[in-house]
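The values are calculated or read from the model by the stated rules, or taken from the named source; none is laboratory data. Remember, it's a predicted structure, so these values are computed and weren't measured experimentally. For neighbour counting, all protein chains shown are included, and Cβ atoms are generated from backbone atoms with ideal geometry for every residue, glycine included. These accessible areas exclude ligands, DNA and RNA; they are computed on the full protein's heavy atoms, side chains included. Shrake-Rupley method; radii C 1.70, N 1.55, O 1.52, S 1.80 Å.
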Amino acid sequence: MTGALLAVALAGAAPASVRAHDPAGGPPLQVIADPAQLVLGRDAGADLRIGAPDDVKDVSITASAGRVEDVRRLPSGGFSARFVAPAGRVPQVAIVAAVGRTGRGTVDGWVAIPCSGQADARVRSTPGAEITLTVGGRRFGPRAAGSDGVAIIPIVVPPGVREAHHGFKPIDLGVPETPLLHTVLDRAVVMADRTERVRVLAWVVAPHGAARRGDTPIFEPSRGTVAVAERQPGEVEGLWTLPPGRAGEERIVVRLAGSSVSRGVLRLETTVGPPAVVAVSFDRVAAVAGAAEGVAVAARALDAAGNPTPASLALEAEGASLSDVRQPQPGVLLAQLRAPASLRGHTQAVIRASVADAGVSSTRTLPLVPGAPARVRFGGAPGAVRSGMEAVLKVEAEDAGGNRVSPAPVVTAQRGTLRSVEGAGPGAWRVRWLAPEIDAPARGHLEASVGGVRAAIEPVLLPPRPAASLSASAGAARDLRGGWGSAGALAGDFAVRAPWEIPAGLELATRLEVDGGNMGPHPGFALLFGGSASRVLGPSVVVRASASIGAWLSSGTGAPAGRLGIDMGLERRGIAPFVEAAVLGTGGGSDVTFTAVTLSAGMRLGVERR
């Protein structure tokens, strides 16, 4: 007889034998199927009985093929359920697993239900020939071939059987490869903010349904590591360790290396933990003083792994104001932060976000910066500067709120030389300007600009300062003990250069002076030595202060003496008429001791120019 199996319409799952834990591993769940084997297309399913310890609170039952329904706790102990056979008639093994939960952890058990498939085998031979097939040790037929030479023989194919025999001739039944693996997790949900360990249970059977020994599945987690151990033939346990990480879904693929269809994908939900930190963020790096547009502030409650978590947030700010505060969703708070027009010296805003219920808070700072330049001014500008002298000026720039701004100014001078522009603190710069060489009074022009805002000054330029000057004055004196007298003085001032920086327009000199008059009980005169400081206030106005000490001589006797004076003059071409007020006093002997106030007028003459 010649012929071949033309078609086998198979789909299903089949009867099985009980598989249980090694008793040494702890009290297992004992799973029994009745009947223990099924024929797909004939048997609708099997009743399941799960023997469980008394402390098992509930069980979850899954199957690699078909489905499990009507799980119930039995009054006498344990559980019952109904296994519904898979649709179709392809021979296969349904692995049914039960996982029970107790106060001490989980226990499990399983059973493999071999499901035989049914089909009509079409065997070609000679017309009228009697055909008998042997499948899995069972004989089917005989059936006579029809006039077309085809014999149709109903057969039952157990799982693991892939061919029939016609005598000694094998006939391929075309049975597809079926899964030999079933996997479950001992729990479906874990926390994402901590290290979690999840048991991954895998059961492996041979094609005919017996527990398979030595074929350890491969575990491939989306994250974390898995430690794998074979408990007993057909039972493998993986301990999946997940470090803290993102919330959502993690997966683990369990597969047999030698079987492309023996592959399971398990999904584990990772949920967010309680608030552990509050993250505060800004949409820009600084807040501008007085700006109409605020800085967007976002506060988010996060668990220990950085996952957003629902929480009731509070937000406050120091050094700035918050507005438009809103909560688009639990655990997220949005607001607008605005800096005041006047920062009052504050350089940063402090933002605090907290979850009061969890005792969690966070603080962040945001720099506060001035707005655009609105004013520029010169500070310390002298009324007049002498030819060839250096003036030290100050430039200050502010925004509309009076805050110092930082862009360096552009300084120009129409006459003279700009030696340097140096920073002198926030929003301030020191400008060194050397006045031009001139012989007659004139005006200079300096300008400073910052961001399009300008300021200018026009100091008076004076001819060079005299190297020395002589002055003579006369006037009235008033002894503070009573009585009026006369006073006169001759003085010489010799210009000196200060060893330290002094304001522009200030001039120092040493001073020799002779003062005389009838200012006490005994007329006399004083020989004094000291110094003077003068300030040019305008094109011709000069104010001078002097201090000197020496001795008062009168009728062959003497006493220590000292003098303080201040005068104001109008300098024109080296000649300066002036008026002066002074205090002259002596000490030592009672007959020559006095204190007098003098008021005098005089003339000063510049002797030489530097």
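In segment 194-220, the residues that are surrounded by 15 or more Cβ atoms within 10 Å (Cβ to Cβ) reach residues that are of a type in the set (S, T, N, Q) with C-beta atoms within less than 7 angstrom, at least six apart or across chains, in these pairs: Arg199/Thr106; Val200/Thr183; Leu201/Thr183; Ala202/Thr183; Gly209/Ser17. On the stretch given as segment 400-417, residues that are aliphatic (A, V, I, L, M) and open to solvent by less than 60 Å² (accessible area, probe 1.4 Å) total 3. Every listed requirement among (1) of a type outside the set (D, E, K, R); (2) surrounded by fewer than 18 Cβ atoms within 10 Å (Cβ to Cβ); (3) closer than 23 Å to Thr510 by Cα is met by Phe578 save one, (2).
Can you find a residue that is among the polar types (S, T, N, Q) and surrounded by 20 or more Cβ atoms within 10 Å (Cβ to Cβ) anywhere in segment 132-142?
Checked segment 132-142: no residue is among the polar types (S, T, N, Q) and surrounded by 20 or more Cβ atoms within 10 Å (Cβ to Cβ).
Determine which member of the set Ser534, Ser546 is crowded, with 16+ Cβ neighbours inside 10 Å and modelled with pLDDT of 90 or more.
When all the criteria are applied, what remains is Ser546.
The set of residues from segment 301-313 being of a type outside the set (Asp, Glu) and open to solvent by less than 50 Å² (accessible area, probe 1.4 Å) comprises Ala301, Leu302, Ala305, Gly306, Asn307, Thr309, Ala311, Leu313. Candidates in segment 228-286 are the residues that are of a type in the set (Ser, Thr, Tyr) and more than 27 Å from the chain's Cα centre (by Cα); of these, the one that is farthest from Ser354 (Cα to Cα) is Ser259. So which residues in segment 433-468 are part of a strand (DSSP E or B), of a type in the set (D, E, K, R) and free of Cβ contacts under 8 Å to residues at least 40 places away in the same chain? Arg443, Glu447, listed by residue number. Listed by position, the strands (runs of 3 or more DSSP E) contained in segment 126-214 that have at least 1 residues being over 26 Å from Gly238 (Cα atoms) are 130-135, 138-144, 150-157, 163-166, 169-172. Checking each residue in segment 221-238 for being more than 25 Å from Gly306 (Cβ to Cβ) and not in a loop (DSSP other than H, G, I, E, B) picks out Ala227, Val228, Ala229, Glu230, Arg231, Gln232, Glu235, Val236, Glu237, Gly238. Looking only at segment 494-507, decide whether some residue is closer than 21 Å to Gly585 by Cα and touching a residue at least 24 places away in the same chain (Cβ under 8 Å). Looking for residues that are closer than 21 Å to Gly585 by Cα and touching a residue at least 24 places away in the same chain (Cβ under 8 Å), one finds none in segment 494-507, hence no. Where strands (runs of 3 or more DSSP E) fall entirely within segment 335-399, those with at least 3 residues that are among the hydroxyl-bearing types (Ser, Thr, Tyr), out of contact with any Asp or Glu (no Cβ under 6 Å at 6 or more places or on another chain) and open to solvent by 20 Å² or more (accessible area, probe 1.4 Å) are at 360-369.
Return yes when Glu422 is closer than 20 Å to Pro503 by Cβ, out of contact with any Pro (no Cβ under 9 Å at 6 or more places or on another chain) and at pLDDT below 90 and no when it is not. For Glu422, the condition - closer than 20 Å to Pro503 by Cβ, out of contact with any Pro (no Cβ under 9 Å at 6 or more places or on another chain) and at pLDDT below 90 - is not met. Of the set (1) at pLDDT 95 or above; (2) in contact with a Pro (Cβ under 6 Å, 6 or more places away or on another chain); (3) among the aliphatic types (A, V, I, L, M), all apply to Val350 but (2).
In segment 314-334, the qualifying residues are those that are in a loop (DSSP other than H, G, I, E, B) and of a type in the set (Gly, Ala, Ser), and the one that is surrounded by the fewest Cβ atoms within 10 Å (Cβ to Cβ) is Gly319. Within segment 581-596, take every residue that is open to solvent by less than 20 Å² (accessible area, probe 1.4 Å) and either aliphatic (A, V, I, L, M) or modelled with pLDDT of 95 or more (or both) and give me the one that is nearest to Arg386 (Cα to Cα). Per the stated criteria, the residue is Ala582.
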